[in-house]
Each structure stands twice: as C-alpha cells, then as structure tokens.
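Visitor: There's a structure below that I have some questions on.
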There are 2 protein chains.
Amino acid sequence: MSHRSTPEHVHPDDVPVLEAFAALADPVRLQLVRELAASEDWSRSCGTFDVPVGKAALSHHFAVLRSTGLIEQRDAGAKRVNRLRRPEFDRRFPGLLDLALREE
Amino acid sequence: MSHRSTPEHVHPDDVPVLEAFAALADPVRLQLVRELAASEDWSRSCGTFDVPVGKAALSHHFAVLRSTGLIEQRDAGAKRVNRLRRPEFDRRFPGLLDLALREE
C-alpha cells in the first residue's frame, strides 16, 4: 500500500470504552490484533496479514485500530510497519486484550 | 411490551468473545447493562430503562443481550423482568463487565 501522509494516532487514554469494544468486535480487526500480538514490534507491514479483505477495507481497519489506540504505525521506506500498543492499551483497559487474544 | 413466547437464553460459556465485544459496543445496550448492574435482580421490567429508542429497537437490544449471555429474562404477569448475569458472565469473560461499568 502507498501512504501519502504520516498516520495520525490516538492514545488509548483518550479512547472511550465503547470505541474499544467496537474496535475489537470485528473479525478482521481481531485477526490483525492477534497477528500483531504474535509478532515483533515493527516487523509487520500492512500487506503481510492473513485477512480476506481488499486494500481499501484493510486500510479502513488499520485506521480504526489507530484511532482506538490499539496500534502504532510508521513509514519505513515504501512500507508502513505496525506495533501493537499493548502496554499502554493494557494500562487503559486492563484485561481487554487478554480476552481478545485468548484461545477459543 | 407484550411477549408471546418464553424468551430463549444463551449461557455466557457458549458466547464467542467477538460477540461479547459486539454486544457491549453499542451505547443503548451499554446503558441497559449499566442500569441493570445498579438494580436488584428481577426488579426491572423492559419498559423502565432510560434509553432513547422505540419498542422494536429496544426489543432487539434485549434479544442481543440475551443471546450473548448478558441478561436473563422471565415473564411476571404482563411484564418481562430482567437480571444481569454478572457472576456467570464474569467467569467467562473476566474483567469485561468491570470495564463496561467503569466511570469514564
């Protein structure tokens, strides 16, 4: 994916719990979060996730994850790489990511 | 509200985490859950909640809460009364209701 501008982020501390629930109430976003949790920070670019959606939808899902404090992104050359904001999200919503990442 | 048949319930143990998040990712349902948490079990009939929706929408929201293991309902004469399934939901999804009920 190409990216024209630096991504804007929202810190988890500024996210209402309703939005946190909504961000995680989607199978594609839950999969993105789970794959990120299993990966090194900044090791995954946006095109490397195993989700059945097109580029526009994927871009929307990443935007939701950014705007709800779940991920941080930065551009590295032509790629945009990702980090799950686990410590800061856990401080804001204790236990929520644990539930999202649990085996079912 | 009038109800034709006994309500069907789903136990929290049979609810995927994605559905639990989705159930709580709605402002009306979150309000219903919060009011129930502040009320005695079985003290609240469906028409007594302070939510800005019509009867059909309210009925849908209660159905979602039932099907995700969040509430139990029973008919008491012409009224349908409610109970938050807090202990069993807490066992299945530790900490999730605490987040939903937290002051923001």
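Visitor: For chain B, what does -39500 (n - 2.57) per DSSP helix run (n ≥ 4), summed and divided by total residues, give at 222 nm, in deg cm²/dmol to the nearest 500?
Guide: Calculated mean residue ellipticity at 222 nm is -12000 deg cm²/dmol.
Visitor: If I stretch the segment between B:ASP75 and B:VAL28 completely, what's the gain in nm (0.36 nm per residue apart, minus their alpha carbon distance), one decimal?
Guide: Fully extending the segment from B:ASP75 to B:VAL28 adds 14.7 nm.
Visitor: Rounded to whole Å, give me the distance from the Cα center of the stretch A:41-104 to that of the stretch B:60-104.
Guide: Comparing the Cα centres of the stretch A:41-104 and the stretch B:60-104, I get a distance of 30 Å.
Visitor: For A:LYS55, give me every one of the lysines with a C-alpha distance below 30 angstrom, ignoring sequence neighbours fewer than eight places off in its own chain.
Guide: Filter leaves A:LYS79.
Visitor: Once you have a ≥ b ≥ c as the square roots of the Cα gyration tensor eigenvalues for chain B, tell me rounded if a/c is under 1.5, and otherwise prolate or oblate according to whether a/b is larger than b/c. Don't skip to the end; give the middle numbers.
Guide: On the way: a/c = 1.58, a/b = 1.36, b/c = 1.16.
It is prolate, given that a/c is not under 1.5 and a/b is the larger ratio.
Visitor: Additional query: Work out the mean other chain Cβ neighbour count within 10 Å for the residues of A:21-27 and drop it here as an integer.
Guide: Shielding by partners across A:21-27 averages 6.
Visitor: Could I ask something else about it? Would you mind getting me the FRET efficiency between B:ALA56 and A:LYS55? Use the beta-carbon distance for r and R0 = 45 Å, nearest 0.05.
Guide: It comes out at approximately 0.75.
Visitor: Ordered by residue, what ³J(HN,Hα) values in Hz, to whole numbers, does the stretch A:87-104 give under the Karplus form 6.51 cos²θ - 1.76 cosθ + 1.60, where θ = phi - 60° and Gly and Pro are x?
Guide: x, 6, 5, 4, 5, 6, 10, x, x, 5, 5, 4, 5, 5, 9, 5, 5, 10
Visitor: What is the gain in length, in nm to one decimal, between A:ALA63 and A:LEU101 on full extension, counting 0.36 nm per residue of separation less the C-alpha to C-alpha distance?
Guide: Gain on extension, A:ALA63 to A:LEU101, equals 11.7 nm.
Bear in mind that the values in this text are calculations on the coordinates, not laboratory data. Source: prediction; values computed, not measured. Methodologically, a virtual Cβ is constructed for each residue, glycine included, from the backbone with ideal geometry; neighbour enumeration extends over all protein chains shown.
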